[in-house]
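Participant: I'd like to ask you about the structure that follows.
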Number of protein chains: 2
Amino acid sequence: MITTVTLNAAIDKTYYIPGFGSNALYRADETLATAGGKGINVARVIHALGEEVTATGFVAGYNGMAIVDMLRQEGIQADFLSVSGESRLCLNIIDPVGGSQTELLEAGPVITPEAIEAMKAKIEELASRSSHVVFSGSMPKGCDTDLYANLIQIARSQGAIPILDTSGDALIAGIQSKPYLIKPNEHEVTKLTGGSADNEDEIVRAIQQLMQDGISNVIVSLGERGALAGSDGRLYGVSIPRVETVNAVGSGDSMVAGLVVADHRGCSPEERLKLGAACGTANALMPSAGMVKLSDVESLLRDIQVTCFS
Amino acid sequence: MITTVTLNAAIDKTYYIPGFGSNALYRADETLATAGGKGINVARVIHALGEEVTATGFVAGYNGMAIVDMLRQEGIQADFLSVSGESRLCLNIIDPVGGSQTELLEAGPVITPEAIEAMKAKIEELASRSSHVVFSGSMPKGCDTDLYANLIQIARSQGAIPILDTSGDALIAGIQSKPYLIKPNEHEVTKLTGGSADNEDEIVRAIQQLMQDGISNVIVSLGERGALAGSDGRLYGVSIPRVETVNAVGSGDSMVAGLVVADHRGCSPEERLKLGAACGTANALMPSAGMVKLSDVESLLRDIQVTCFS
């Protein structure tokens, strides 16, 4: 089994409103609601790839009940901790005429110290039955910056492989506990090693530095330009086919899902990167975040090139 | 007891977002959520005035559970029918810097014929224990335009006094069953009688026509200019003091609450109009729709003039 952790689970809701602007009244007749948050997206893609997955994290209130219900309706095992407050609503208003995209993100619940202790116990229990534990996304209010570092150590102590996909201070603090795999973006990876430039030489230098610091796998997605990756001391370049992007939101989460599933299956670094890139690209073909079609993944796998260059 | 009916109950949520516009990402850290829908606003003000009230209508899904829960936390009796789907979210995005107000209204659930039959039975039961039944707001999808007319007849058959505060086709169809009191706005009242002009003479003519047609009480709010009303064949003008309006949303619902409570207490037409106008004005002093402070109502009552002019 693979466990995915979403500390600030959400209801992702999309409104399609032609001509949307401010200071007027709009009727949202066409709406789409899904369980959201990066770790939930990862779980959805792992499930689509046919592997057993459990999604955990914090949910709150009636929105939290709705999130768990939506996951179960998708056939995804949900084992969340319920806390007081309300899980956040993340609203995406798409104007299909003007082409704009307006996002409104709520903050979500404030997590108490007691709930954090309960989460540590939950991760310990799930990790003991998991090959991998994937920690994704931002932390809700009330969590210390080093929470991911603590949870990573707990997962590792139970024999599970920890993976971290977050950003900012949570990433900086989280890498202290040496997760097995991280997926910073090109802007963040150089910041992690004190650099600032965004060119590929700098990215490669940062990847090498992070591997030397004890993080075995560093995958940096470059969007349409593919990815640069370090794995067990070697460097890889990933090139992906050109596709007609429908919605690239969730492509990073889908890539993580592909990487983890391949690792769970004992694949080589090249195969892992291929499945990761295929899932990330397949997600961009779908209108909803964190969804892939298996047939898309399979056909994309044939067109992805992975080159080892050191 | 007074019963209020909200066929399309809602979660009213307000975000305060400085500089809100389209095509960007915003964090809604400051949010306010209340049970909403016009009949629920009426119930809240009746409760604030100290009278026993039961709020009914349709709720759906997790949003519906949240609505009932919020009402109970306010101490308001809630006796809703739960249907499939999700109750609508009505989002109000206030930009405290730019001064704009952007509203996003979902459609809410689609009501089945079986649920409509169950609602008829529910109204019959509640009306048998109520002095008044107040029908407020728009109808959800699946309801026939003449549903209010049917429900009004059911309420009357149980000895309760029916009140209707809606608009458009639902109002046109609803007045066929002669509710005891209606509160159309100045634009709508002339439409009801086939007129079109909005001047006060036309409004008076429309009120007289509606009274002749068998609707005992016709109250037309003119906003800051007060109200014109017909009651038992007589015409009244209501003048209100000038106040610093904070949020006028829900003032009409608050006025209905005041009118109904005064009628429930056996007050004269003048006293009814005074309490209605005081509640409507008191609501405009509050940041949240359908809320009044009793002390505001009491002090406003002294400054409201009701004149009988025919």
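The values are calculated or read from the model by the stated rules, or taken from the named source; none is laboratory data. Keep in mind the model is a prediction, meaning the values are calculated, not measured. All Cβ positions, even for glycine, are placed from backbone atoms using ideal geometry, and neighbour counts span all protein chains on display.
A quick yes/no check of all residues on (1) crowded, with 21+ Cβ neighbours inside 10 Å; (2) under 18 Å from B:Gly230 (Cα atoms):
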site	(1), (2)
B:Met255	yes, yes
B:Arg272	yes, yes
B:Leu275	yes, yes
B:Asn283	yes, no
B:Ser288	no, no
B:Met291	no, no
B:Asp296	no, no
B:Arg302	no, no
B:Ser310	no, yes
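Participant: Next question, about the same structure. Considering the range B:51-68 alone, what residues qualify as being under 30 Å from B:Gly266 (Cα atoms) and touching an Asp or Glu at 6+ places or on another chain (Cβ under 8 Å)?
Facilitator: Hits for the range B:51-68 are B:Thr54, B:Ala55, B:Thr56.
Participant: Assuming A:Ala206 fulfils every condition listed in (1) surrounded by 18 or more Cβ atoms within 10 Å (Cβ to Cβ); (2) outside any loop (DSSP other than H, G, I, E, B); (3) free of Cβ contacts under 8 Å to residues at least 60 places away in the same chain; (4) within 19 Å of the chain's Cα centre (by Cα) apart from one, which condition is it?
Facilitator: That leaves (4) as the condition not met.
Participant: A further question on this structure: Within the range A:106-142, track down each residue that is within 14 Å of chain B (Cβ to nearest Cβ) and crowded, with 19+ Cβ neighbours inside 10 Å.
Facilitator: Correct list: A:Glu106, A:Gly108, A:Pro109, A:Pro140.
Participant: Sticking with this structure for a sec: Scan the range A:21-45 for residues that are within 14 Å of chain B (Cβ to nearest Cβ) and crowded, with 24+ Cβ neighbours inside 10 Å and jot them down.
Facilitator: A:Ala35
Participant: Tell me, yes or no, whether the range B:14-25 has at least one residue that is within 30 Å of B:Val261 (Cα to Cα) and either of a type in the set (Val, Ile, Thr) or touching a residue at least 40 places away in the same chain (Cβ under 8 Å) (or both).
Facilitator: yes
Participant: Could you go through the range B:45-67 and let me know if any residue there is within 30 Å of B:Asp144 (Cβ to Cβ) and free of Cβ contacts under 8 Å to residues at least 40 places away in the same chain.
Facilitator: yes
Participant: A:Asp95 fails exactly one of the following numbered conditions: (1) modelled with pLDDT of 95 or more; (2) surrounded by fewer than 22 Cβ atoms within 10 Å (Cβ to Cβ); (3) closer than 29 Å to B:Leu104 by Cα. What is the number of that condition?
Facilitator: (1)
Participant: A further question on this structure: Within the range B:1-28, can you find the residues that are polar (S, T, N, Q) and at positive phi?
Facilitator: Passing the criteria: only B:Asn23.
Participant: Name the single residue, out of those in the range A:57-67 being out of contact with any Phe, Trp or Tyr (no Cβ under 6 Å at 6 or more places or on another chain) and more than 8 Å from chain B (Cβ to nearest Cβ), that is surrounded by the fewest Cβ atoms within 10 Å (Cβ to Cβ).
Facilitator: Applying the filter and picking the extreme gives A:Ala60.
Participant: What strands (runs of 3 or more DSSP E) completely inside the range A:210-310 contain at least 1 residues that are without any contact (Cβ under 8 Å) to a residue 60 or more places away in the chain?
Facilitator: A:217-221, A:227-231
Participant: Tell me, please, whether a residue that is assigned by TED's automatic domain parsing to the domain that holds A:Val42, of a type in the set (Ser, Thr, Tyr) and in a helix (DSSP H, G or I) can be found in the range A:132-144.
Facilitator: Scanning the range A:132-144, I find no residue that is assigned by TED's automatic domain parsing to the domain that holds A:Val42, of a type in the set (Ser, Thr, Tyr) and in a helix (DSSP H, G or I), so the answer is no.
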